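Right, one structure below, let's go through it.
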Amino acid sequence: MNIAPNLRPTAEYQAMDAAHHWHPFTDTKALNAKGARVITGAEGSWLTDSEGHRILDSMAGLWCVNIGHGRDRVVDAVARQMRQLAYYNTFFQTTHPAAAEFAEALTAVAPAHMNRVFFTNSGSESNDTVFRLARVYWDCMGKPNKKVFIGRKNGYHGSTVAAVSLGGMRAMHAQSGLPIEGVTHINQPYWFGEGRYTDPETFGRERAAELEAAIDMVGEENVCAFIAEPIQGAGGVIIPPESYWPEISRICREREILLVADEVICGFGRTGNWWGSETFGITPDLMPIAKGMTSGYVPMGGVLISDRVAGPVMEKGGEFVHGYTYSGHPAACAAGLEVLAIMQEEKLVERARDVAAPALEKKWLSLGDHPLVGEARIKGLVGALEIVRNKETLERFEKPGTVGSRLRDLSIEGGAIMRAVGDTMIISPPLTISGEEIDFLVDTARAALDRLADELTREGAL
Ligand SMILES: *Cc1c(COP(=O)(O)O)cnc(C)c1O
């Protein structure tokens with residue numbers, strides 16, 4: 001365990017932070033009244049905070065640290081690379097060994113029809129690249145009118161202007177007058193939240209049919225692409241009914257539009273296969289990636305490009321006038337290469353599929369018997385609990401998010417991170433999580449549920 005010897009008292013960091021650090025996705029006033037939690041170290045599946053608490057990192061950082069924290073091999077590979085070449089660009093007919101090697105290694109684990117990668121620095125940038133590249137593709141196909149993207153309500157594709165527009169987060173749109181022109185959204189395949197009037201499979205087909213209706217409404221000759229996460233992550237780990245993706249696939253095949261699978265969370269083993277697309281039998285034309293790509297050791301993202309898209313764009317597009325100063329940054333490529341090597345040597349995807357996921361699934365689904373849990377669901381190593389006031393009627397609590405954040409705090413107090421999306425609790429642990437850690441995670445979640453139920457009973461809220 002790395003306990004840094006030179007730490008100052010927690011309150012000093014909190015004061016500096018409150019005075020000068022503007023946090024993402026944060027109510028700054030509320031945070032500063034409370035003081036930020038200060039994380040000082042991490043090893044394997046565990047975080048250490050400035051008060052010396054050990055907390056199980058059941059979110060793998062922010063869905064990214066798939067190989068676990070504190071891997072010296074990655075640190076050493078990055079240090080070696082930075083001593084050799086810390087930076088050079090990849091713009092002007094130039095490359096470097098790390099970028100070339102990582103591009104080759106990545107496309108080797110990508111689906112067979114994807115043989116090229118465009119490097120970015122984040123998932124958001126990847127989706128901005130998708131926005132540009134998909135439109136260029138239709139220009140090259142002689143169909144410049146095909147500009148409209150169809151995304152989904154409550155989908156998440158990042159926080160830059162194009163990415164947030166492709167996404168369907170109502171609060172994000174409302175705050176800044178978005179989405180931009182040329183993006184429309186259909187409903188999500190969220191059975192528990194929106195579909196209980198019918199069975200999941202019928203509902204999945206209904207929600208997929210909305211894509212067909214949207215294409216007809218916009219006019220097929222104007223539609224560029226449909227973009228979706230195989231499993232919605234930030235929206236609350238929404239695992240679509242089995243009937244959903246086959247229908248979406250069929251529609252994208254039959255109609256002339258590109259399919260973009262946002263693999264930023266689902267990629268790199270999260271669902272028990274290398275790609276969420278594999279888990280759901282999808283053949284996307286473009287795959288934005290990030291998060292697990294470097295396991296969060298160094299920021300990086302990318303877009304995996306199918307031969308279908310790459311061919312015409314290379315042939316007819318001329319210069320793709322788009323790129324980032326740090327596209328293919330040597331340190332990030334070195335981190336990504338080492339992460340891939342670790343994943344392959346330790347067979348982490350196979351291990352997730354055959355060992356960790358079945359063990360976690362069994363335990364996690366057992367939480368479904370708790371009086372506060374309306375539904376427990378999981379796919380691979382990403383899961384959710386729907387918190388309800390009445391288990392019979394599945395009635396929710398008033399003011400969504402209130403009990404969710406209390407449950408999150410109780411769980412962290414018990415020693416395991418859980419994230420709350422409204423009153424949906426979500427987990428996404430490292431692929432390396434051990435059997436004992438799985439037991440600890442689920443036992444801690446159950447203890448937190450019990451405590452919350454006790455508190456709510458005493459308050460007369462149940
Ligand atoms: C996190 C996320 C993004 C955005 O990635 P950033 O690196 O935060 O910009 C995009 N798509 C999905 C599905 C994500 O979960």
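The values are calculated or read from the model by the stated rules, or taken from the named source; none is laboratory data. Just so we're clear, the structure is a prediction, and the values are computed from it rather than from any experiment. Glycine also receives a Cβ, built like all others from the backbone with ideal geometry; neighbour counts cover every protein chain displayed. Heavy atoms of the whole protein, side chains included, go into the accessibility calculation; ligands, DNA and RNA do not. Shrake-Rupley method; radii C 1.70, N 1.55, O 1.52, S 1.80 Å.
Annotations
- FRET efficiency, 1/(1 + (r/R0)^6) with R0 56 Å, evaluated for residue 30 and residue 184 via beta carbons: 0.95
- Treating each Cα of the chain as an identical point scatterer and summing with the Debye formula, the log10 of I(q)/I(0) at q = 0.06, 0.09, 0.13 Å⁻¹ comes to -0.26, -0.61, -1.30.
- Sparse packing (at most 16 other Cβ atoms within 10 Å of the Cβ) combined with a DSSP loop state is found for the following trypsin sites (Lys or Arg not before Pro) in region 31-77: 37.
- Computed extension length for residue 457-residue 242: 73.7 nm, one decimal, from 0.36 nm per residue of separation with the Cα-Cα distance subtracted.
- In this Cβ point-charge picture (+1 for Lys and Arg, -1 for Asp and Glu), region 72-345 has a dipole of about 440 debye about its Cα centre.
- Length-normalised contact order of the chain in % [C-alpha pairs under 8 Å, at least 6 apart]: 19
- Within region 155-217, the chymotrypsin sites (Phe, Trp or Tyr not before Pro) that combine a DSSP coil assignment with at most 14 other C-beta atoms in a 10 angstrom radius are 197.
- Extreme residue, positive dipole direction of region 201-280, given options 244, 267, 203 (C-beta unit charges): 267
- In this structure, the amide hydrogen of residue 390, modeled 1.01 Å from its nitrogen in the peptide plane, lies closer than 5 angstrom to those of 395, counting only residues at least 5 positions away or on a different chain.
- Neighbourhood net charge (14 Å Cβ-Cβ; Lys/Arg +1, Asp/Glu -1) for residue 306: 0
- Summed residue charge, Cβ within 12 Å of residue 323's Cβ, Lys/Arg positive, Asp/Glu negative: -2
- Centre separation in Å (Cα based) which lies between region 295-310 and region 50-81: 21
- Interchain or long-range residues, amide H under 5 Å from residue 58's placed H: 417
- Proximal lysines relative to residue 363, as straight alpha-carbon distance under 17 Å, when same-chain residues fewer than 8 apart are discounted: 379
- The mean of 1/r over all pairs of different alpha-carbon atoms in region 72-345, once inverted, gives a Kirkwood hydrodynamic radius of 19.0 Å.
- Local electrostatic count at residue 122 - Lys and Arg +1, Asp and Glu -1, tallied over other residues with Cβ under 13 Å: -2
- Computed over all pairs of different Cα atoms, the Kirkwood value for the hydrodynamic radius of region 46-196 is 19.3 Å.
- Longest DSSP-loop-exposure-free segment, GluC sites (Glu not before Pro), the chain, at most 15 other Cβ within 10 Å: 52-180
- Unsatisfied cross-links (Cα-Cα over 32 Å) in the set 362/391; 29/146; 146/291; 291/391; 29/153: 29/146; 291/391
- Shape of region 309-356 from the C-alpha gyration tensor: oblate (a/c of 1.5 or more and a/b not above b/c, with a ≥ b ≥ c the square roots of its eigenvalues).
- Contour excess over end-to-end distance, with Cα ends at residue 221 and residue 53 and 0.36 nm allotted per residue: 54.7 nm
- Accessible area per residue in Å² at 1.4 Å probe, computed on the chain: 44
- The aspartates and glutamates whose alpha-carbon is closer than 17 Å to the alpha-carbon of residue 34, local same-chain residues fewer than 8 away aside, are 12, 17, 49, 51, 409, 413.
- The chymotrypsin sites (Phe, Trp or Tyr not before Pro) of region 1-84 that meet both conditions, a loop assignment by DSSP and at most 13 other Cβ atoms within 10 Å of the site Cβ, are 22, 25.
- Counting only aspartates and glutamates at least 8 places from residue 147 when in the same chain, those with an alpha carbon closer than 18 Å to its own are 128, 139, 181, 212, 216, 220, 221, 256, 285.
- Phi to ³J(HN,Hα) by Karplus 6.51 cos²θ - 1.76 cosθ + 1.60 over region 348-359, Hz, x for Gly, Pro: 5, 5, 5, 5, 4, 5, 8, 10, 5, 4, x, 5
- Of all DSSP beta bridges confined to the chain, the antiparallel ones make up roughly 70%.
- Surface composition of the chain: carbon plus sulfur atoms contribute 53% of the solvent-accessible area (1.4 Å probe, protein chains only, all chains present).
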